[in-house]
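Working notes, structure below.
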Amino acid sequence: MSTIYYTASTLDGFLAAADDDISFLDRVPQPSEDTYTPFIERVGAVAMGRATYEFVLRHVDAGNAWPYPQHPVWVFTHRDMLVPVGADARSVRGDVAPVHAEMVTAAQQSGKPDLWIAGGGDLAAQFYDAGLLDELVITVASWTLGTGKPLLPRSLGRPLELMSVRALSTGFAELRYKVPTA
Ligand SMILES: NC(=O)c1ccc[n+]([C@@H]2O[C@H](COP(=O)([O-])OP(=O)(O)OC[C@H]3O[C@@H](n4cnc5c(N)ncnc54)[C@H](OP(=O)(O)O)[C@@H]3O)[C@@H](O)[C@H]2O)c1
């Protein structure tokens with residue numbers, strides 16, 4: 001079982017523009033292989049922050065299907081939230097550790113071992129701070145924004161271990177890092 005911060009970022013370390021726009025992902029040559037499907041097939045539970053959830057809701061409001069039909073989702077927020085029909089999503093707040101324990105139980109019940117921390121960066125750092133993050137898989141787009149929502153908003157304070165680097169196209173590189181044991 002691994003808890004993985006899996007996301008895409010610009011070359012200069014942004015998940016999205018300040019207005020949450022992620023169209024930079026479409027402005028570079030697309031990956032030559034599908035790395036998402038083998039990743040999500042191993043995921044048994046998902047966590048995300050409120051802004052990321054609201055992005056997903058806008059996607060659904062635009063007429064797209066709920067993208068996680070087989071996954072329970074924990075949304076970190078201090079606000080009331082709407083849940084689309086058919087979605088298994090619940091709001092949580094505060095300490096990530098008890099939520100992680102719930103996610104582990106759900107993943108074990110699903111038979112899919114991994115937990116996906118979908119972002120944003122501060123939420124991923126909260127899991128890291130709690131000693132509950134095992135890996136980072138960052139698909140870096142050949143694009144710069146100069147400002148926006150950060151991949152990580154602060155130093156993690158120690159080096160990560162680079163496990164692999166793969167060129168997926170001239171537009172994307174996948175970097176896989178392991179969080180070293182303390
Ligand atoms: N490039 C990609 O592949 C990718 C992937 C993921 C996300 N994104 C985008 O990146 C952006 C991320 O936005 P973001 O940096 O603002 O991060 P975010 O984590 O999505 O949202 C931040 C919000 O999450 C809530 N939150 C975080 N930790 C909490 C805790 N422990 N307890 C309660 N609430 C907590 C707070 O919401 P409240 O206001 O409710 O307090 C906080 O303001 C979004 O635009 C998203 O769509 C892009």
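The values are calculated or read from the model by the stated rules, or taken from the named source; none is laboratory data. This is a predicted model, so every value here is computed, not measured. Cβ coordinates were reconstructed from backbone atoms using ideal geometry, including for glycine residues, and neighbour counts include every protein chain displayed. To get the accessible areas, we keep the full protein, side chains included, count just its heavy atoms, and leave off ligands, DNA and RNA. Shrake-Rupley method; radii C 1.70, N 1.55, O 1.52, S 1.80 Å.
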TODO: Report, for the chain, the % of DSSP beta bridges that are antiparallel, rounded to 5.
DONE: 40 percent
TODO: Express the C-alpha Rg of the range 2-49 as a ratio against the empirical globular expectation 2.2 N^0.38 Å, rounded to two decimals.
DONE: 1.32
TODO: Between beta-carbons, use under 10 Å as the cut-off and find the net charge around Gly148, counting Lys and Arg +1, Asp and Glu -1.
DONE: -3
Task: Tensor-based shape of the range 54-143 (alpha-carbon gyration tensor, a/c under 1.5 rounded, otherwise prolate or oblate) - done: rounded
Task: Of Asp80, Asp88, Asp134, the one that fluctuates the most in a GNM where the chain has Cα springs shorter than 10 Å - done: Asp80
TODO: Just report the Cα centroid separation between the range 96-118 and the range 8-59, whole Å.
DONE: 20 Å
Task: the chain - accessible surface per residue (Å², probe 1.4 Å) - done: 51 Å²
Open item on the list: Let me check the size of the chain from its C-alpha atoms; what are the radius of gyration and Dmax in Å?
Closed with: 15.7, 45
TODO: With springs connecting C-alpha atoms under 10 Å apart, model the chain as a Gaussian network and identify which of Arg166, Arg27, Arg158 has the largest mean-square fluctuation.
DONE: Arg158
Open item on the list: If N is the number of residues in the range 113-182, what value comes out of its Cα radius of gyration divided by 2.2 N^0.38 Å?
Closed with: 1.16
